[in-house]
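Peer 1: Attaching a single structure in structure tokens format; questions to follow.
The values are calculated or read from the model by the stated rules, or taken from the named source; none is laboratory data. Keep in mind that what you see is a predicted model, and the values were worked out from it rather than measured. Glycine gets a Cβ as well: all are built from the backbone with ideal geometry, and neighbour counts include every protein chain shown. Just the protein is used for accessible areas: all its heavy atoms, side chains included, with ligands, DNA and RNA removed. Shrake-Rupley method; radii C 1.70, N 1.55, O 1.52, S 1.80 Å.
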Amino acid sequence: MRIQFNINYKKAIEVVLWVLHKDKTIDVYRLMKVLFHADLFSVNKYGAPVTGDNYLAMKFGTVPDVIYNGLIKKDILYLEDSQLDTNLLPFDLKGYQLLPQRIPNIEHLSESDIECLELGIKEYAGLSFEEVKNKNHSIRAWRETYHNAPNSFIDWYDLIEEQYLKDDLSDGWSEHMVI
């Protein structure tokens, strides 16, 4: 069974800005893992991820597809239906650092979003590249997906712990959620 969500572009931008303002040491690589951890925790505790992005099993770990390729790399193919102007995205990429151009609008974030993002930061901030990679690679769903089909999507079904939640979300309902 496949479970996937639809990203909320505007909220995703505020999430990225929030993380960058909360911990200025977070680079692009760590940001990908912080977001994964926050989304993973949120979907298991609250039944929905923070961002709604779907994650790829890449060589160096989990990568949120649209956030990385669309918002950070500004690949227009990822933003065609987003109604976002890539020239107006509120952060710039300089090497491996994302530089925020404004403070986040926290009206887009719930208390549970912030709780999950703080847990993501706590999980990965301050770790070396190798420590981040090893921690992220310890996720069984990443290992299995990467082993079977490198660079493909990790099914949320494999990341959700409770069977009742898997059943609820696998009936197609997850694709219609508003994140």
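Peer 1: Within the range 64-71, is even one residue within 25 Å of GLY126 (Cα to Cα), surrounded by fewer than 18 Cβ atoms within 10 Å (Cβ to Cβ) and touching a residue at least 60 places away in the same chain (Cβ under 8 Å)?
Peer 2: Yes, some residue in the range 64-71 is within 25 Å of GLY126 (Cα to Cα), surrounded by fewer than 18 Cβ atoms within 10 Å (Cβ to Cβ) and touching a residue at least 60 places away in the same chain (Cβ under 8 Å).
Peer 1: Considering only residues of the range 21-53 that are open to solvent by less than 20 Å² (accessible area, probe 1.4 Å) and of a type outside the set (A, V, I, L, M, F, W, C), which is nearest to GLN97 (Cα to Cα)?
Peer 2: Checking each candidate, the answer is LYS33.
Peer 1: Further question: Could you check the range 80-106 and list, in sequence order, the residues that are out of contact with any helix residue (DSSP H, G or I) (no Cβ under 7 Å at 6 or more places or on another chain), closer than 17 Å to TYR9 by Cβ and open to solvent by less than 60 Å² (accessible area, probe 1.4 Å)?
Peer 2: Of everything in the range 80-106, nothing turns out to be out of contact with any helix residue (DSSP H, G or I) (no Cβ under 7 Å at 6 or more places or on another chain), closer than 17 Å to TYR9 by Cβ and open to solvent by less than 60 Å² (accessible area, probe 1.4 Å).
Peer 1: Residues to consider are LEU77, LEU119; find the one that is within 20 Å of VAL43 (Cα to Cα) and not in a loop (DSSP other than H, G, I, E, B). Walk me through how you get there before you give the answer.
Peer 2: Working: LEU77 fails: within 20 Å of VAL43 (Cα to Cα).
From the options LEU77, LEU119, the qualifying one is LEU119.
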